[in-house]
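Enquirer: Take this structure, written in C-alpha cells, and hold onto it; I'll ask about it next.
The values are calculated or read from the model by the stated rules, or taken from the named source; none is laboratory data. Every value quoted in this text rests on a predicted model; they were computed, and no experiment measured them. A quick note on method: Cβ atoms are made from the backbone with ideal geometry, for glycine too, and the neighbour counts reach across all protein chains shown.
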Amino acid sequence: MKVVLLAGGYGTRIMEESESRPKPMVEIGDMPILWHIMKEYSYYGFHDFIVCAGYKHYMIKKWFADYFFYTSDMMFDFTDCRPDWSMEAEYQGEPAATRGDRRITVLDHYTEPWKVTVVDTGLGTNTGGRIKKIQPYVGNETFMMTYGDGVCDVDIGRLVEFHQEHGKLATLTSVVRNQTKGMLDVANDNTVRSFREKSHKDDDLINAGYMVLEPEVFGYLTENTVFETDALSKLAEEGQLMSYQHEGFWQCMDTLQEKLLLEQMINSGDAPWVKWEM
C-alpha cells in the first residue's frame with residue numbers, strides 16, 4: 001500500500017526554519033521530520049512513498065538523491081587526482097554513489113527498503129489539488145495519506161485493519177488536542193458526522209492526519225479543492241468518513257516552539273513515535 005505525504009506548503013508559521021527549506025525538511029534529531037514520518041510507516045512494513053512536493057521541491061529531491069551522503073560512512077580518495085582532473089567533467093550526469101571505487105567509496109551504511117516518488121505538485125496548490133495530481137502514481141488502489149509536519153505513535157497496522165473492517169471510503173486518525181485544527185463531530189460508531197475548522201479554543205477530537213483512503217476519494221477532488229474543508233466535509237455528509245481514535249502521542253510542528261519540543265524529546269530519549277532503533 002502506497003503512502004502519500006503532503007510536503008508542499010510554505011510553512012509560514014515556522015519561517016525561522018522554513019524560509020530556506022521546505023518545512024518537512026526541517027530537522028529534528030539531525031534528520032528531517034519527513035524522514036521520521038517515513039520511518040514510522042516503514043516500521044509497520046509500508047515502504048512505498050509518494051511525496052507531494054511544492055515549495056523548494058528540488059531540495060527534497062536532492063536530499064533523497066544524496067541519501068548515501070547523509071546515512072553512510074564514506075571515503076574520498078584524492079591520492080591519484082591529476083592537476084587538471086575535474087569530477088564534474090569526468091562524471092558529468094553520473095550519480096555520486098555510482099562513482100564507486102574510482103574516487104568515492106561508500107563504507108558502512110544502512111539503506112531502508114524504500115521506493116520514493118517525489119512529485120512537484122505546484123507552489124500554491126491546495127491540499128486536495130496536490131493529492132489529485134498524484135492520482136496516476138497511486139492508481140486504483142487503497143492508499144494512506146498524512147501531513148509532512150507531524151509525528152505520531154499510532155499503530156498504523158491496526159489503523160489499516162480498522163479501515164478495512166468498516167468498508168467506508170475514508171478513515172482519519174483523531175486525537176484530543178487543544179489546537180487550531182479541523183474539528184470532528186464523531187458518533188458512537190466512529191462515523192464522522194461533520195467536519196469543521198476550529199474557531200475557538202475547546203478540547204475536542206481533531207484531525208491528526210494518518211489517513212487511509214479508497215481510490216474513489218479522487219472523485220471528490222479537483223485542482224482547486226481544499227481537502228479538509230471540501231472533500232472531508234463532503235465525505236462526512238455522505239457517511240463515508242470514519243474516525244480511528246488514537247489516545248497516544250501526536251505532535252505537529254507548526255511553530256519553532258514545537259520544533260524545539262520535538263528536539264528535546266529526541267535528545268532526552270523520550271520520543272514516543274521513535275519505535276525503530278535510531
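Enquirer: Just checking, does segment 156-169 include any residue being among the acidic types (D, E), surrounded by 15 or more Cβ atoms within 10 Å (Cβ to Cβ) and either assigned by TED's automatic domain parsing to the domain that holds S243 or modelled with pLDDT under 95 (or both)? I'd like the intermediate steps shown before the answer.
Expert: Step one: list which residues in segment 156-169 are among the acidic types (D, E), which gives 161, 165.
Then keep just the ones that are surrounded by 15 or more Cβ atoms within 10 Å (Cβ to Cβ); that gives none.
Scanning segment 156-169, I find no residue that is among the acidic types (D, E), surrounded by 15 or more Cβ atoms within 10 Å (Cβ to Cβ) and either assigned by TED's automatic domain parsing to the domain that holds S243 or modelled with pLDDT under 95 (or both), so the answer is no.
Enquirer: Moving on. Quick one: in segment 198-216, of everything that is over 21 Å from the mean Cα position of the chain (by Cα) and either among the hydroxyl-bearing types (S, T, Y) or farther than 17 Å from S233 by Cβ (or both), which residue is modelled with the highest pLDDT?
Expert: Going residue by residue through segment 198-216, those that are over 21 Å from the mean Cα position of the chain (by Cα) are 198-205, 216.
From the residues that got through so far, the ones that are either among the hydroxyl-bearing types (S, T, Y) or farther than 17 Å from S233 by Cβ (or both) too are 199-203.
Values: S199: 48, H200: 42, K201: 46, D202: 49, D203: 58.
Per the criteria, the residue is D203.
Enquirer: Take the residues of segment 226-278 that are of a type in the set (S, T, N, Q) and assigned to a strand (DSSP E or B): which is farthest from L6 (Cα to Cα)? It would help to see each step written out before you state the result.
Expert: Initially, segment 226-278 is screened for residues of a type in the set (S, T, N, Q), giving 229, 233, 240, 243, 245, 251, 255, 257, 264, 267-268.
Keeping just the survivors that are assigned to a strand (DSSP E or B) gives 243, 245, 251.
Working: S243: 20, Q245: 21, Q251: 16 Å.
That would be Q245.
Enquirer: Assigned to a strand (DSSP E or B), among the aromatic types (F, W, Y) and modelled with pLDDT of 80 or more: which single residue out of F68, F64, F49 fits that description? Show your work before the answer.
Expert: Details: F68 fails: assigned to a strand (DSSP E or B); F64 fails: assigned to a strand (DSSP E or B).
None of the others qualify; the one that does is F49.
Enquirer: Follow-up question, since we're still on this one. Please find, among M38, M25, M31, M1, the residue that is modelled with pLDDT of 90 or more, in contact with a strand residue (DSSP E or B) (Cβ under 8 Å, 6 or more places away or on another chain) and surrounded by fewer than 19 Cβ atoms within 10 Å (Cβ to Cβ). Reasoning before the result, please.
Expert: On the way: M38 fails: surrounded by fewer than 19 Cβ atoms within 10 Å (Cβ to Cβ); M25 fails: surrounded by fewer than 19 Cβ atoms within 10 Å (Cβ to Cβ); M31 fails: in contact with a strand residue (DSSP E or B) (Cβ under 8 Å, 6 or more places away or on another chain).
Just one listed residue meets the conditions, M1.
Enquirer: Another one. Scanning for something among the basic types (K, R) and either modelled with pLDDT under 95 or not assigned by TED's automatic domain parsing to the domain that holds E238 (or both), does segment 79-99 turn up at least one residue?
Expert: Let us first name the residues in segment 79-99 that are among the basic types (K, R), namely 82, 99.
Filter again for either modelled with pLDDT under 95 or not assigned by TED's automatic domain parsing to the domain that holds E238 (or both), leaving 82, 99.
Scanning segment 79-99 turns up at least one residue that is among the basic types (K, R) and either modelled with pLDDT under 95 or not assigned by TED's automatic domain parsing to the domain that holds E238 (or both).
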